[in-house]
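The values are calculated or read from the model by the stated rules, or taken from the named source; none is laboratory data. Predicted model, so just to flag it, every value in this text is computed and none were measured. In this analysis, Cβ positions are derived from the backbone assuming ideal geometry, glycine residues included, and neighbour counts consider all displayed protein chains.
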Amino acid sequence: MSKKLSDKQQRILEFIGEFMDERQFPPTVRDIQAGCSISSTSVVDYNLRILQREGYIKRQADVSRGIGLLDGGFTSRRDLVHVPILGNIAAGEPLQIPPSDTWKAVEIDSVDLPSFMTGDKPEVFALRVKGESMIDALVADGDLVLMEPVSRPENGDMVAAFLTDSEEVTLKHFQMQNGTVTLHPANSSMAPMKVPAEKVSVQGRVVGVVRTL
């Protein structure tokens with residue numbers, strides 16, 4: 001690491017380490033902006049790019065808490081879990097979740113997250129949200145939803161539901177009654193979908209959300 005850091009970059013680096021030591025997960029850009037009294041998120045982003053280029057941090061720029069320290073990795077890794085990102089979830093696009101024993105081969109990306117964000121559940125995977133069908137549930141376009149593989153969800157669960165007739169997947173709240181599944185959006189401009197239970201295949205239940213900027 002040959003380049004001397006500016007005072008601001010040094011403070012950002014120290015803040016990241018202090019934040020992760022205290023909370024066991026990385027800060028967001030806005031956390032850094034507030035904690036280091038920086039004028040804007042763009043200034044934070046500029047300095048993070050320099051820290052990454054010079055080998056002080058690793059960063060997934062499209063994930064809000066995708067910052068890690070390269071000096072020994074994350075400050076604490078004992079509570080971090082590796083979560084594969086297996087694709088996008090958007091109505092109108094087929095989505096097939098491969099068996100968990102193949103995830104290392106098929107994952108297009110991944111993120112390390114504190115275990116409490118996955119509820120300590122095994123085989124959690126992530127999907128990137130496309131669209132705004134769940135915006136009122138604070139799940140926005142570009143966010144990551146953390147999914148637990150299930151085939152028999154409970155009423156009220158937020159699920160990835162595959163519609164066999166149209167071969168499309170959608171993120172909705174699940175409800176089943178008298179052999180009919182109703183998929184409820186969390187967006188007042190969208191109507192619920194009613195589908196015969198035998199024509200719905202649930203591929204996972206949401207156990208957490210990683211917000212993006």
Checklist outcome for this item: Here the residues within segment 164-181 that are within 25 Å of the chain's Cα centre (by Cα), surrounded by fewer than 18 Cβ atoms within 10 Å (Cβ to Cβ) and on the phi < 0 side of the Ramachandran plot are E168, Q175
Checklist entry - Within segment 53-63, is even one residue at pLDDT 60 or above, assigned by TED's automatic domain parsing to the domain that holds V202 and outside any strand (DSSP E or B)? => result no
Checklist outcome for this item: With criteria (1) crowded, with 16+ Cβ neighbours inside 10 Å; (2) in contact with a helix residue (DSSP H, G or I) (Cβ under 8 Å, 6 or more places away or on another chain), M20 comes up short on (2)
Next on the checklist: If I filter segment 134-151 for residues that are exposed (fewer than 13 other Cβ atoms within 10 Å of the Cβ), over 21 Å from G66 (Cβ atoms) and of a type outside the set (S, T, N, Q), do I get at least one hit?
Outcome noted: no
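Quick check on this structure: which one of L146, L183, L163 is of a type outside the set (K, R), touching a residue at least 60 places away in the same chain (Cβ under 8 Å) and assigned by TED's automatic domain parsing to the domain that holds S115? Outline the logic, then answer.
Working: L183 fails: touching a residue at least 60 places away in the same chain (Cβ under 8 Å); L163 fails: touching a residue at least 60 places away in the same chain (Cβ under 8 Å).
Exactly one residue qualifies, and that residue is L146.
Conditions tested, residue by residue: (1) touching a residue at least 60 places away in the same chain (Cβ under 8 Å); (2) closer than 13 Å to G204 by Cα.
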{"position": "D120", "(1), (2)": "no, no"}
{"position": "L138", "(1), (2)": "yes, no"}
{"position": "D141", "(1), (2)": "no, no"}
{"position": "S151", "(1), (2)": "no, yes"}
{"position": "M158", "(1), (2)": "no, yes"}
{"position": "E168", "(1), (2)": "yes, no"}
{"position": "L171", "(1), (2)": "yes, yes"}
Checklist outcome for this item: Here the residues within segment 147-185 that are in contact with a helix residue (DSSP H, G or I) (Cβ under 6 Å, 6 or more places away or on another chain) and at pLDDT below 90 are T164, D165
